[in-house]
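The structure under discussion appears below in the form of structure tokens.
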Amino acid sequence: MYSEKVMEHFANPRNVGEIEDANAVGQVGNAKCGDIMKMYMKIENNVIEDVKFKTFGCGAAIATSSMATEMVKGKTVDEALQLTNKAVMEALDGLPKEKIHCSVLAEEAIQSAINDYRVRRGEEPLDIKEHAHEH
């Protein structure tokens, strides 16, 4: 069963949509496992001024994307990179075991967008370790 917080973020997800002039865009997931997350960020002076997402997936995928964007909005790039899937899950009062991979995707989507930002600026991309998604 889902917590009330998960249900609330699923019913009323925050920060849904695209950012026209995003300078950081990341996409993770694949159609095979059914969850795809696309994250858009507007980063100014190393601060995530705005962040939006589009998620194709289950309720947990939408809720974790929503919560993750809330948690990184207004933060610096470095702070956003510290966000773990565990922190996202805790903020949502937990997830069913078989939905934990959704929170991992949310963490990866943020890292993927920040990587895009770095590459666009001519910086070295981060070495992001891909988590193995168990299903």
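The values are calculated or read from the model by the stated rules, or taken from the named source; none is laboratory data. What you are looking at is a predicted structure, and each value in this text was computed from that prediction instead of being measured. Cβ sites come from the backbone with ideal geometry, for glycine too, and all protein chains shown count toward neighbours.
Hey, does the stretch 83-101 have a residue that's buried (at least 23 other Cβ atoms within 10 Å of the Cβ), under 20 Å from D127 (Cα atoms), modelled with pLDDT of 95 or more and within 15 Å of the chain's Cα centre (by Cα)?
No; the residues of the stretch 83-101 include none that is buried (at least 23 other Cβ atoms within 10 Å of the Cβ), under 20 Å from D127 (Cα atoms), modelled with pLDDT of 95 or more and within 15 Å of the chain's Cα centre (by Cα).
Report, by residue number, each residue of the stretch 15-28 that is surrounded by fewer than 15 Cβ atoms within 10 Å (Cβ to Cβ) and closer than 14 Å to K73 by Cβ.
As a first pass, look at the stretch 15-28 and keep what is surrounded by fewer than 15 Cβ atoms within 10 Å (Cβ to Cβ): 16-18, 20-21.
Across the stretch 15-28, the qualifying residues are V16, G17.
Look through K38, K52 and report the one residue that is outside any helix (DSSP H, G or I), crowded, with 19+ Cβ neighbours inside 10 Å and touching a residue at least 40 places away in the same chain (Cβ under 8 Å). Talk me through it step by step, then tell me what you get.
Details: K52 fails: touching a residue at least 40 places away in the same chain (Cβ under 8 Å).
Criteria check complete, one pass: K38.
So how many residues does the stretch 86-109 have that are more than 9 Å from S65 (Cα to Cα), part of a helix (DSSP H, G or I) and touching a residue at least 40 places away in the same chain (Cβ under 8 Å)?
Summing the residues that are more than 9 Å from S65 (Cα to Cα), part of a helix (DSSP H, G or I) and touching a residue at least 40 places away in the same chain (Cβ under 8 Å) in the stretch 86-109 gives 4.
Test each condition in (1) under 16 Å from Q111 (Cβ atoms); (2) among the basic types (K, R); (3) under 11 Å from the mean Cα position of the chain (by Cα) for K52 and report the one that comes out false.
Result: K52 passes all but (1).
Given the criterion touching a Cys at 6+ places or on another chain (Cβ under 7 Å), of a type outside the set (S, T, N, Q) and either exposed (fewer than 13 other Cβ atoms within 10 Å of the Cβ) or under 16 Å from R14 (Cβ atoms) (or both), identify the matching residue among A106, A61, A31. Spell out how you get there, then give the answer.
Details: A106 fails: touching a Cys at 6+ places or on another chain (Cβ under 7 Å); A31 fails: touching a Cys at 6+ places or on another chain (Cβ under 7 Å).
A61 is the lone residue from the list that is touching a Cys at 6+ places or on another chain (Cβ under 7 Å), of a type outside the set (S, T, N, Q) and either exposed (fewer than 13 other Cβ atoms within 10 Å of the Cβ) or under 16 Å from R14 (Cβ atoms) (or both).
Of (1) touching a helix residue (DSSP H, G or I) at 6+ places or on another chain (Cβ under 8 Å); (2) free of Cβ contacts under 8 Å to residues at least 24 places away in the same chain; (3) part of a helix (DSSP H, G or I), V119 satisfies all except one. Which?
That leaves (1) as the condition not met.
State yes or no: is E70 under 20 Å from K99 (Cβ atoms), free of Cβ contacts under 8 Å to residues at least 60 places away in the same chain and among the acidic types (D, E)? Before the answer, list the steps.
On the way: under 20 Å from K99 (Cβ atoms): yes; free of Cβ contacts under 8 Å to residues at least 60 places away in the same chain: yes; among the acidic types (D, E): yes.
Against the criterion (under 20 Å from K99 (Cβ atoms), free of Cβ contacts under 8 Å to residues at least 60 places away in the same chain and among the acidic types (D, E)), E70 qualifies.
Could you list all residues from the stretch 43-55 that are hydrophobic (A, V, I, L, M, F, W, C) and closer than 15 Å to R14 by Cα?
So in the stretch 43-55, the residues hydrophobic (A, V, I, L, M, F, W, C) come out as 43, 47-48, 51, 53.
Listed by number, the residues that qualify are V51, F53.
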